[in-house]
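The values are calculated or read from the model by the stated rules, or taken from the named source; none is laboratory data. Keep in mind the model is a prediction, meaning the values are calculated, not measured. Cβ atoms come from the backbone with ideal geometry, glycine included; neighbour counts cover every protein chain shown.
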Amino acid sequence: MPQILLSEGPNNGVRLLTLNRPEALNALNTALLEALSEQLDIAETDPETRALVITGSERAFAAGADINEMASRDVVGMLEDPRVQHWARIDRFVKPLIIAVNGFCLGGGCELAMRGDILIAGTNAQFGQPEINLGIMPGAGGTQRLVRAVGQSLAMQMVLTGEAISAQRALAAGLITEICQPELTIERAMAIATTIASKGPLAVQLARESVRRGADMDLAAGLRFERHAFTILAATEDRREGLNAFRNKRKPQFSGR
Ligand code: DAK
């Protein structure tokens, strides 16, 4: 059985990847992470793909790293863990990434979701970092991205108690942007991705990078990066097309040049 289901396409510039290990609630083992890395390579080099949606099943986005696999690794095994390279591959992905969560989104699953640019969730979603219950701690960004997303007090509570939060709480905390009925989550994520895919890809790429970098920089450095990115876009055909289309009262046709 494939670890990841692929949609036909891309459709309207959007690819959909569905994590597919139902027997283990999509626990992220090496094979699944490797398949995900491969699909990210494909999506990144395909000029027709302008945005990517990753989802899981209605029961689970992903219930974390595969605990059985983790149990077989000692300290040396952790240092040589091939999964680290796959996590790094996900970090390097340059196109807009929308995450559609239903059900359990725990541990490494939550850490994967937080690598997305936009997260939406079904009413049944549960977000948590339960590693503390296993005598370990988050190891794929959970202590760092969560605090940036929801603030120190809630991040600390989640990481130290291991207790999950509801979709409603995740929305209030700013971890996700929208809540839908579970059966509509993918459709809504695809609609958001399709809107993004209809924009000029160079502008999207630089705007995305500016927002992402800004989160890790002081304001002055972030503003400098934004200014440079904005200036670079002045050299693109898409900018000329966008401005002309507005002035001629027509829809722009962006070419990615
Ligand atoms: N790994 C392996 N199998 C899992 C799993 C997991 N994380 N989560 C669930 N399963 C399996 C269960 O063992 C069960 O298998 P069978 O017994 O049927 O063979 C099946 O999925 C269904 O699960 P349950 O029977 O437990 O279903 P329930 O509805 O009763 O409970 C649950 C659902 C999600 C509450 C429960 O399964 C659960 O608590 N799961 C574990 C959640 C968890 O602790 N997650 C954190 C794992 S640690 C790093 C990268 C990543 C990480 C660390 C470092 N580096 C790059 C350094 C990440 C670490 C983690 O995520």
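Out of all the residues in the range 73-95, is one or more touching a Ser or Thr at 6+ places or on another chain (Cβ under 9 Å), aliphatic (A, V, I, L, M) and farther than 27 Å from residue 209 by Cα?
no
Of (1) free of Cβ contacts under 8 Å to residues at least 60 places away in the same chain; (2) away from the ligand (no atom under 11 Å from the Cβ); (3) aliphatic (A, V, I, L, M), residue 63 satisfies all except one. Which?
(2)
Go through (1) touching a helix residue (DSSP H, G or I) at 6+ places or on another chain (Cβ under 9 Å); (2) modelled with pLDDT of 95 or more one by one and return the number of the condition residue 195 breaks.
The one condition residue 195 does not meet is (1).
Name, by its number, the condition in (1) of a type in the set (Gly, Ala, Ser); (2) within 14 Å of the ligand (Cβ to nearest atom); (3) surrounded by 22 or more Cβ atoms within 10 Å (Cβ to Cβ) that does not hold for residue 37.
(3)
Quick check on the range 154-161. Is at least one of its residues surrounded by 15 or more Cβ atoms within 10 Å (Cβ to Cβ), among the β-branched types (Val, Ile, Thr) and within 16 Å of the ligand (Cβ to nearest atom)?
Yes, that holds for at least one residue.
Could you say whether any residue in the range 81-93 is touching a residue at least 60 places away in the same chain (Cβ under 8 Å), touching a strand residue (DSSP E or B) at 6+ places or on another chain (Cβ under 9 Å) and crowded, with 21+ Cβ neighbours inside 10 Å?
No, because not a single residue in the range 81-93 is touching a residue at least 60 places away in the same chain (Cβ under 8 Å), touching a strand residue (DSSP E or B) at 6+ places or on another chain (Cβ under 9 Å) and crowded, with 21+ Cβ neighbours inside 10 Å.
Could you go through the range 205-217 and let me know if any residue there is over 19 Å from the mean Cα position of the chain (by Cα), surrounded by fewer than 18 Cβ atoms within 10 Å (Cβ to Cβ) and either assigned to a helix (DSSP H, G or I) or touching a residue at least 24 places away in the same chain (Cβ under 8 Å) (or both).
No; the residues of the range 205-217 include none that is over 19 Å from the mean Cα position of the chain (by Cα), surrounded by fewer than 18 Cβ atoms within 10 Å (Cβ to Cβ) and either assigned to a helix (DSSP H, G or I) or touching a residue at least 24 places away in the same chain (Cβ under 8 Å) (or both).
Any idea which of (1) within 11 Å of the ligand (Cβ to nearest atom); (2) crowded, with 18+ Cβ neighbours inside 10 Å is the one residue 53 doesn't satisfy?
Among (1) within 11 Å of the ligand (Cβ to nearest atom); (2) crowded, with 18+ Cβ neighbours inside 10 Å, the lone unmet condition for residue 53 is (1).
On the phi > 0 side of the Ramachandran plot, buried (at least 19 other Cβ atoms within 10 Å of the Cβ) and in contact (Cβ under 8 Å) with a residue 40 or more places away in the chain: does that describe residue 25?
yes
When the range 185-204 is examined, which residues are found to be in contact (Cβ under 8 Å) with a residue 12 or more places away in the chain, part of a helix (DSSP H, G or I) and more than 16 Å from the chain's Cα centre (by Cα)?
Across the range 185-204, the qualifying residues are 201, 202, 203.
If I filter the range 91-144 down to residues being β-branched (Val, Ile, Thr) and either within 16 Å of the chain's Cα centre (by Cα) or within 20 Å of residue 51 (Cα to Cα) (or both), which single residue comes out as nearest to the ligand (Cβ to nearest atom)?
Here the residue is 101.
Tally up the residues in the range 218-249 that are surrounded by 10 or more Cβ atoms within 10 Å (Cβ to Cβ) and basic (Lys, Arg), please.
The total comes to 4.
In the range 66-90, which residue that is charged (D, E, K, R) and at pLDDT 95 or above is farthest from the ligand (Cβ to nearest atom)?
89
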